[in-house]
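Only one structure is covered here, and it is reproduced in the block below.
What follows is calculated from the coordinates using simple rules that are stated; it is not laboratory data. Computed from a predicted model, the values in this text were never measured in an experiment. Glycine also receives a Cβ, built like all others from the backbone with ideal geometry; neighbour counts cover every protein chain displayed.
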Amino acid sequence: MITRLHVNGRDTALQADGERLLLSVLRDDLALTGCKPGCGEGQCGACTVLIDGKAVRSCMIPAAAVGEAKIRTAEGLEKDGKLHPVQQAFLDADALQCGYCTCGMVMSAVALLEAHPEPNDEQFLAAMDGNICRCGVYNRIRDAVRIASETLAENDR
Ligand code: FES
């Protein structure tokens, strides 16, 4: 049984069987439905969240395994009512079609840009390769990550 998870900057109380998958606990117990169930095998990336800044497939990890680590989900990205620059860039670049993969894509992109603010192609592919978009808007996703990288650099000036 787990009684607490640190999610989106807050210690959150809950009562959940720690053997349950993190994806299920986030969605069903905490109503954080940005992370989506897809393949259930760690292959599609729809369920991606960040744990201590690393992109993790929440369909592959029991909730109890997270321990005290800090979980971030798409719901925790906006600040003061403003979308995170990566979220805004996905909108600006029209980098979604059905939207099912988008939160997972965004979380992988956030992890990428936090580790590599100006990612080269190799770094981009290494970070985003495991996120599948069935609508195939990969070029626009690449554009969105570039736009977000530029925006974050401007914000840092
Ligand atoms: Fe987790 Fe596909 S549902 S990677």
Axial C-alpha extent at least 18 Å, average Kyte-Doolittle at least -0.5 - helices from the chain (DSSP): 102-115
Cα-projected label distance for ALA115 with ASP80, points at 7 Å along beta-carbon direction, nm: 3.0 nm
For the range 84-148 and the range 1-65, distance of Cα centres in Å: 21 Å
The chain, helix-only ellipticity at 222 nm - DSSP H runs n ≥ 4, -39,500 (n - 2.57), divided by all residues, nearest 500: -9500 deg cm²/dmol
The chain, relative contact order in percent, only Cα pairs under 8 angstrom and at least six apart counted: 23 percent
Spacing of the two label points (7 Å from each Cα toward its C-beta) at GLU154 and ASP129, in nm: 3.2 nm
Partner lysines for LYS70 [C-alpha distance under 16 Å; skip if fewer than 8 residues away on the same chain]: LYS54
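Multiplying the sequence separation of ASP28 and MET60 by 0.36 nm and subtracting their Cα-Cα distance, what value in nm do you get? List each step's numbers first, then the result.
On the way: separation 32, 0.36 × 32 = 11.52 nm, distance 1.60 nm.
Going from the current span to full extension adds 9.9 nm.
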Spherically averaged projected area in nm², based on the convex hull that wraps the Cα atoms of the range 5-44: 3.2 nm²
Positive minus negative residues near GLY18 (Lys, Arg vs Asp, Glu; Cβ under 15 Å): -3
GluC sites (Glu not before Pro) lying in DSSP loop within the range 30-121, provided at most 10 other Cβ fall within 10 Å: GLU41, GLU68
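Just how large is the dipole of the chain about the Cα centre, in debye to the nearest 20, putting +1 at every Lys and Arg Cβ and -1 at every Asp and Glu Cβ? The partial results should precede the final answer.
Numbers: 16 positive and 22 negative charges, 57 e Å.
Charge dipole of the chain: 280 debye, to the nearest 20.
What net charge is computed for the residues neighbouring LEU50, neighbours being all others with C-beta under 14 Å from the C-beta of LEU50, Lys and Arg scored +1, Asp and Glu -1? Intermediate values should be presented prior to the final figure.
Details: positive: LYS54, ARG57, LYS70, ARG72; negative: ASP52, GLU75, GLU114.
Local net charge: +1.
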Phi-based couplings in Hz for the range 52-65 (Karplus 6.51, -1.76, 1.60; Gly and Pro marked x): 6, x, 9, 6, 9, 7, 6, 7, 10, 10, x, 4, 5, 6
Stretchable slack from GLN15 to ASP92, in nm (0.36 nm times residue separation minus alpha-carbon distance): 23.8 nm
Cα-based Kirkwood hydrodynamic radius, the range 56-157, one decimal, Å: 14.2 Å
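Please state the charge dipole magnitude for the range 81-157, taken about the Cα centre, from unit charges on C-beta atoms (+1 on K and R, -1 on D and E), reported in debye and rounded to the nearest 20. Intermediate values should be presented prior to the final figure.
On the way: 6 positive and 11 negative charges, 60 e Å.
Here the range 81-157 has a charge dipole of around 280 debye.
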Which of VAL25, VAL49, ALA115, positive extreme of dipole for the chain (C-beta unit charges): VAL25
